[in-house]
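A short worksheet on the structure shown next.
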Amino acid sequence: MAGVEVGLVGLPNSGKSTLFDALAGGGAVVAPHMFSTVETVHGVADVRDPRLEALDAVSSSQSGKIVPATLQVVDIAGLVSGASHGEGLGNQFLGSIRNTDAVLHVLRCFQDDAVAHPAGRIDPLEDAETVELELVLADLAAIERRAERVGKAAKGGEAAAVAEGTALETLREWLEEGRPARSCPVEVPASLDLLTAKPELYVANVDEGGDAEAVAAVERFAAERGSECIAVNAKIEAELRELPPEDAEAFLADLGIERPALDLVTLAAYRLLDLIPFFTTGPKETRAWTIRRGQNAQQAAGRIHSDLERGFIRAEVIEWDRLVEAGSEAEAKRRGWVRVEGRDYVVADGDTLNIRFNV
């Protein structure tokens, strides 16, 4: 969906630029020294959904042309302790993350003597706390600035200002306890764009050994914050991206891996942003389209083409797995599994749509 961006953050040499290259097919600078990323790098990542291949197999021509949904991704300069006060590339880091809609926090769980760690040791939980602390401190500064302005209006008796002042105080206390704003029980005022209010996914960047203990620790850390953790070997994923599909499949088979971990990352990021796919399939192609959860059939038609939204009549709808089970659209209709829905029908994750419209 245009305009939605996921930012990759982490300490220098955590492997986030390698992960970016794996996601977006290159573009980031990967080097063993710190601060090799000094400018944000933008790219597009495919959301590789296995349902597309299953649908294409039952399309009328088995077209073989599969078009996945995509996500905008951005590689952000590495953060160090003191970033909230301008240390390292802190101001640039904080400004870049403020422009994103969600955060993929890459944590180093791999050993490599040739790639220096800023603190000289591998401790993903301490790294996570370092980044989180800097984001919390930046948010506290933003709250203090806002509270000063709101306080003047609250003294004048403005009800909205009084309510916002109370919310700001609750947020301040919450953040001072080291907890992110996204888990605070009060609603974050619309006037604030807090960094720790953004949805966050943790990525444990492992080596070939996997380091199950470190991954389990990151998973617990993420769960405590209402987030998810996915283990990825970014180096292998970047190498896979460079291989032809048949060679990549053979490489995965040799490693005993069913599918790239990168697929799990993109699908999790999709969920993080409360996005869902719906599908179209036919003689020319099988494609995934992106909408916000809760959008209706007419809005979904507009994702395909504005003419379909303007001239919308109805949508023929079937769940992707029922279409696969039927084996063809004709058989699905014969079984009565294809429904006719109006413009207000709320599209579900995995619906396959055929839009009828007036030209």
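The values are calculated or read from the model by the stated rules, or taken from the named source; none is laboratory data. Note that the structure is predicted; figures quoted are calculated from it, not measured. Cβ placement follows ideal geometry from the backbone for every residue including glycine, while neighbour counts extend to all protein chains displayed.
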Worksheet item: Considering only the stretch 304-319, how many residues are buried (at least 18 other Cβ atoms within 10 Å of the Cβ) and in a helix (DSSP H, G or I)?
Response: 2
Response to the item:
Per the filter on the stretch 124-140, residues charged (D, E, K, R) and in contact with a helix residue (DSSP H, G or I) (Cβ under 9 Å, 6 or more places away or on another chain) are GLU129, GLU132, GLU134, ASP139
Worksheet item: Residues PRO277, PRO283: which one is exposed (fewer than 15 other Cβ atoms within 10 Å of the Cβ) and in contact with a Ser or Thr (Cβ under 7 Å, 6 or more places away or on another chain)?
Response: PRO283
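Matching residues to (1) at pLDDT 85 or above; (2) crowded, with 23+ Cβ neighbours inside 10 Å:
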| residue | (1), (2) |
| --- | --- |
| GLY78 | no, yes |
| SER84 | no, no |
| GLY95 | no, no |
| ASP101 | yes, no |
| HIS105 | yes, yes |
| CYS109 | yes, yes |
| LEU135 | yes, yes |
Item to complete: Within the stretch 107-116, identify whether any single residue is among the hydrophobic types (A, V, I, L, M, F, W, C), in contact with a helix residue (DSSP H, G or I) (Cβ under 6 Å, 6 or more places away or on another chain), farther than 17 Å from ARG182 by Cβ and in contact (Cβ under 8 Å) with a residue 12 or more places away in the chain, and answer yes or no.
Response: yes
Practice prompt. Those residues that are under 26 Å from the mean Cα position of the chain (by Cα), charged (D, E, K, R) and surrounded by fewer than 17 Cβ atoms within 10 Å (Cβ to Cβ), I need them from the stretch 320-359; list them, please.
Written response: ASP321, ASP349
Item to complete: Give VAL188, VAL203 a once-over and let me know the one that is touching a residue at least 40 places away in the same chain (Cβ under 8 Å) and either outside the structural domain of VAL265 (by TED's automatic domain parsing) or at negative phi (or both).
Response: VAL203
Fill in: Residue ID - modelled with the highest pLDDT, chosen from residues in the stretch 210-257 that are touching a helix residue (DSSP H, G or I) at 6+ places or on another chain (Cβ under 8 Å) and of a type in the set (Lys, Arg)
LYS235
Response to the item:
Within the stretch 198-214, the residues that are part of a helix (DSSP H, G or I) and surrounded by fewer than 18 Cβ atoms within 10 Å (Cβ to Cβ) are ALA212, GLU213
